[in-house]
Ligand code: ADP
């Protein structure tokens, strides 16, 4: 049993981890940058350490500082949360080497899945469907990209081999556009991931993003906890997520769930993970990537399966076996998450600043995960996700009604948020019917089109 866990993150996920630890009787060490001195996760943890100045490279991404904090404070485990170092194989390895148990998969699985062309190859070999795309290790030069584009047929999606957070992604509708956009996407990948390696994938139109939650213990037992539909996105970033997917039949759930479990099994994966698929209008599905960490949207799965995924991740890191089998997984009702961003929804730029009044909604089936409080100043330096509103009800229709009521009740004064946009979406007949694809949001925010110029809001990592 762990006695003390270092929470290598900030914001809502740091608080989520601290809560799970409290229930498990594990004490917590928070880390913070000088910009986060007043942050809620620091107040909630049993102990806290300042690990550097505001810039993430100097603090939340600073491996030596984080490790020395863990060792100095006598932690025996590290939970990376999402974003920051959560998908950094070197960090996982450095933790293990320092005698700190990393709450997550093994370093080699993080590296394997972080190399997307390689993950595609492995999945294809294992019989998990992938979209036609670049073969081998990916492409770095425009001429090779053009050859792939001609072979695949347009439109194609240019993606970064080391990608994440939608960075380095561009749609090309013809060879000319590919020639123009490829260097831009590659430049973005170099800046974000220090990698020039890209790959192309056939662009699937009118697709839904449907991902499966996986739990894999270190005794080779793997189960899935159903799916999340995360099609409401802008610039390839999720904004609303729900479980179950409103259009998935029980047969498709079984088929895709089996493929997701197979994806984890073929590599010998352990801990929590998410296998992401695109689901086409013809009901064909394709693997796009596996995220080797807890997801932002894990809460909707928790609500419909009554499972605490963060506690499970900690237990599995302690070597415990999963206490249940696939046949024991039961799904109840519908759950939807709304990501609340501190941003100006019209201009699409972050809106940090002082929160003069914070009144979160409550009541049956309403869950708010937030690091906000009255008088808190949202710093400019990090991801603008400030709250997640998660509703749960017996049916999707009831969950939508609950969400409308809860979002209307939610008061966040002092900063701008995207709550008004959520309310608009909640009145959209197509959204209400469950009839949408990943391009849905372009009707509300035309600038969300994949090739729109990036804004400062693109700093988010998950
Ligand atoms: P990242 O890791 O940067 O988030 P993903 O590969 O997970 O990138 O893709 C993010 C989103 O981009 C998906 O949810 C989907 O909306 C869109 N996308 C990715 N690949 C394709 C594709 N081949 N065709 C159409 N849309 C895609």
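Which one of these is at pLDDT 95 or above, assigned by TED's automatic domain parsing to the domain that holds residue 370 and in contact with a strand residue (DSSP E or B) (Cβ under 9 Å, 6 or more places away or on another chain): 396, 404? Lay out the reasoning, then the answer.
On the way: 404 fails: in contact with a strand residue (DSSP E or B) (Cβ under 9 Å, 6 or more places away or on another chain).
Answer to the check: 396.
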- prompt: Among the numbered criteria (1) in contact with a strand residue (DSSP E or B) (Cβ under 8 Å, 6 or more places away or on another chain); (2) in contact (Cβ under 8 Å) with a residue 60 or more places away in the chain; (3) surrounded by fewer than 21 Cβ atoms within 10 Å (Cβ to Cβ), which single criterion is violated by residue 295?
  reply: (3)
- prompt: Within segment 131-143, how many residues are over 24 Å from residue 111 (Cβ atoms) and within 16 Å of the ligand (Cβ to nearest atom)?
  reply: 1
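Consider residue 146 carefully, then state whether it is outside any loop (DSSP other than H, G, I, E, B) and away from the ligand (no atom under 15 Å from the Cβ).
Numbers: outside any loop (DSSP other than H, G, I, E, B): yes; away from the ligand (no atom under 15 Å from the Cβ): yes.
Spelling it out, residue 146 is indeed outside any loop (DSSP other than H, G, I, E, B) and away from the ligand (no atom under 15 Å from the Cβ).
A quick yes/no check of all residues on (1) surrounded by 23 or more Cβ atoms within 10 Å (Cβ to Cβ); (2) under 20 Å from the mean Cα position of the chain (by Cα); (3) in the same structural domain as residue 163 (by TED's automatic domain parsing):
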| position | (1), (2), (3) |
| --- | --- |
| 10 | yes, yes, no |
| 46 | no, no, no |
| 60 | yes, yes, no |
| 82 | no, yes, no |
- prompt: Of these, 235, 253, which one is surrounded by 20 or more Cβ atoms within 10 Å (Cβ to Cβ) and farther than 22 Å from residue 80 by Cα?
  reply: 235
- prompt: Which of the residues that make up segment 189-214 are at positive phi and more than 14 Å from the ligand (Cβ to nearest atom)?
  reply: 194
Every residue from segment 215-244 that is more than 18 Å from residue 290 (Cβ to Cβ), outside any strand (DSSP E or B) and within 14 Å of the ligand (Cβ to nearest atom): 235
task: Scan segment 153-171 residue by residue and report those that are more than 10 Å from the ligand (Cβ to nearest atom) and more than 21 Å from the chain's Cα centre (by Cα).
output: 153, 154
- prompt: Does residue 284 count as within 16 Å of the ligand (Cβ to nearest atom), out of contact with any strand residue (DSSP E or B) (no Cβ under 6 Å at 6 or more places or on another chain) and farther than 30 Å from residue 343 by Cα?
  reply: yes
task: Could you run through segment 171-204 and say how many residues are more than 15 Å from residue 140 (Cα to Cα) and in contact (Cβ under 8 Å) with a residue 60 or more places away in the chain?
output: 3
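The values are calculated or read from the model by the stated rules, or taken from the named source; none is laboratory data. For clarity, every value in this text was computed on a predicted model and none was experimentally measured. Neighbour counts run over all protein chains shown; Cβ positions are idealised from the backbone, glycine included.
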